[in-house]
Amino acid sequence: MYKDKEGIELMRPFRRNLRTKGFIFCLAIFFTLALNKFSLSDTNIPSHQTVEDPTHRTEQKIITDKDIQLHDHHPQKLEVISAEEQKKIPVAIDEFPEKSEQTLSMSPRTDTSIQVEDPTHREDSEHIAYDMPITVNKAVEKNMGYFKNSLSEKFGTWLNRSGRYLSLMRDIFQEKGLPQDLVYLALIESGFNPYAYSWAKAVGPWQFISSTAKRYGLKVNWWVDERRDPVKSTVAAAEYLNDLYDLFGSWNLAMAAYNAGERKVLNGLRRTKSGDFWDLRNTKYIKRETKEYVPRYMAATIIAKNPEMHGFVVDYHEPLKYDEVTVPSPLDLRVIAESAGTTMDEIKELNPELRRWCTPPDQPTYRIRIPEGARETFLSNLETVPENERFTGKLYKFRNGDTLDKVAKSLGVSKKIIIEANSLGKKYKLIPGDTLLIPSGGITISNAKSEKKEIAESNTDQQKRIVYKVKKGDSLHKIAQRHNTSPEKIKEWNRLKNNKLKPGDKLYIFTSLDSPVFF
């Protein structure tokens, strides 16, 4: 018993010492964790540097690999919405949740941020400055791969051509208070091609449809199509994008609306109760084309800002330079070219808005572009050209008993050309004494034929036409759903008057070429 008792007594100090050491050990762990937590909190301080750019009203951030925070295209496009129609749409900015309100009201006109959602993405390690919000996620990377692989040759052509217009367009956007990187929308719209013409009848580097073009002051008629003018169309695009930004408060949503139309995006935001494009992209309320439009812009911008890093060897075209001269109109382009000591092709390239062989006869004067430095030579040479040799065409005075059909037949010019050349409306009424401009038939026809052949590079590259053979059980709705389009588009493409289809019928369908996968 003594030994047992003595043994028990001997163990008690040992146990007390053990408890004391355990307590001290726990305290040490606690203080260590506390210190670590305090140290980690310091790492949340942003490490990026900013530099002031005198060309911008906001600071530009220089993006480096260390600065990136890692986180785990048109029938309905450019839809016109009047003020009355907007009031009928049951959506308002203040109806969005608190998060969306902040997004829409606090978005600056220029944003130097770049967000990376994919931790494996390290391509933008060079010092690149952005004045638009750029997100690098799987959708953007998919489009970058599309441009660098499937479309590398064409995309290289677009980059080369961009040198012709980038400086001019940037200056216009800066003057209008827009982020200059927004000019790269023209890269995915048309590849900077003034003659781009889509199946949706959108025209020019900014792919305006006729109604929206006229809404923003561009002339579209038989003589001119100012959607092709790189200066006037860029001014119109800047004004339209400004209006879209004022409506949505977000450049991503503004770009989506530029592609799909304001109503589509507004309705989508109303249904999702969100003010964020990426939230809207994950819904069914915008079409596949619009879902890819913003990621495609971001992908194109990332590559265009540093093409060599992405495998492109770019030979930029010379920037567009010219003199402008006001001339009496109409004036043949041949006379203009000869007086300026250049070719008709160069005059057409400098003035792509001109659709015919001369300046518009419905205007007393016209401001024409000629090669830089040729102004004095041009004015001097033009003075030596007799008045009757300055214009190829003739004037016809309407007489008693005349009809437009008779005049067209006797002069060998189509009635339609006479109507368009003289801007006659549908309810035109001619009386004896009226003077008609009769264009030169040969020149007019050749111009008309060449216009029909103009196809937008952006559409031939990013869309393809397929011939679909109707099968038993098919309907327009099923076919449209299968090809990610609408029954209305299929009817328009094939000039169908109703929805009736028969097995064996052939339909033309325009679809995306190698469409990127959505995530």
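The values are calculated or read from the model by the stated rules, or taken from the named source; none is laboratory data. This one's a predicted model, so the numbers in the text were calculated from it and none came from an experiment. For neighbour counting, all protein chains shown are included, and Cβ atoms are generated from backbone atoms with ideal geometry for every residue, glycine included. Note: accessible area is taken over every heavy atom of the protein model, side chains too, but ligands, DNA and RNA are not part of it. Shrake-Rupley method; radii C 1.70, N 1.55, O 1.52, S 1.80 Å.
Just a few scattered comments:
- Proximity of backbone amide H atoms, modeled 1.01 Å from N, is registered between V136 and Q115, V116, E117 at under 5 Å, excluding neighbours fewer than 5 places apart on the same chain.
- Heavy-atom accessible surface of the stretch 293-338: percent carbon and sulfur, 1.4 Å: 47 percent
- Sorting 402-410, 280-288 by their mean Cβ neighbour count within 10 Å, with the most densely packed peptide first, gives 280-288, 402-410.
- 3J(HN,Hα) from dihedral phi, the stretch 363-376, Karplus parametrisation 6.51/-1.76/1.60, rounded to Hz, x for glycine, proline: 10, x, 9, 8, 8, 9, 9, 10, x, 4, x, 9, 4, 5
- Other residues whose C-beta falls under 11 angstrom from the C-beta of R296 contribute a net charge of -1, scoring Lys and Arg +1 and Asp and Glu -1.
- If R0 is 30 Å, the Cβ-Cβ spacing of E308 and S150 corresponds to a FRET efficiency of close to 0.90.
- Global form of the stretch 380-441, assessed from the alpha-carbon gyration tensor, a/c cut-off 1.5: prolate
- The charge dipole of the stretch 244-394, taken about the Cα centre with unit charges on the Cβ atoms of Lys, Arg (+1) and Asp, Glu (-1), comes to about 1440 debye, rounded to the nearest 20.
- By average C-beta atoms within 10 angstrom, highest first, the peptides 238-246, 206-214, 156-164: 206-214, 156-164, 238-246
- Shape class of the stretch 293-443 from the Cα gyration tensor (axes a ≥ b ≥ c, square roots of the eigenvalues): oblate, since a/c reaches 1.5 or more and a/b does not exceed b/c.
- Net charge contributed by nearby residues that have their C-beta within less than 14 Å of L496 (K/R +1, D/E -1): +3
- Which listed pairs, of K201/K429; K321/K394; K284/K491; K287/K478; K469/K497; K415/K489, have C-alpha distances above 27 Å, in listed order: K201/K429; K321/K394; K415/K489
- Cα shape, the stretch 176-288, gyration tensor, a/c 1.5 rule: prolate
- Computed from backbone phi, the HN-Hα couplings of the stretch 340-354 come to 8, x, 9, 9, 5, 4, 5, 5, 5, 5, 6, 10, x, 6, 6 Hz, rounded to whole numbers (Karplus: 6.51 cos²θ - 1.76 cosθ + 1.60, θ = phi - 60°; Gly and Pro given as x).
- Taking the empirical scaling 2.2 N^0.38 Å for compact globular proteins as reference, the stretch 273-355 has a Cα radius of gyration ratio of 1.87.
- Shown is the FRET efficiency for T343 and K427, computed with R0 = 45 Å from the Cβ-Cβ distance and rounded to the nearest 0.05: 0.60.
- Per-residue extension of 0.36 nm, minus the Cα-Cα distance of L395 and R482, leaves a gain of 25.8 nm for this segment.
- Relative contact order of the stretch 138-203, defined on C-alpha pairs under 8 angstrom at six or more residues apart (%): 27 percent
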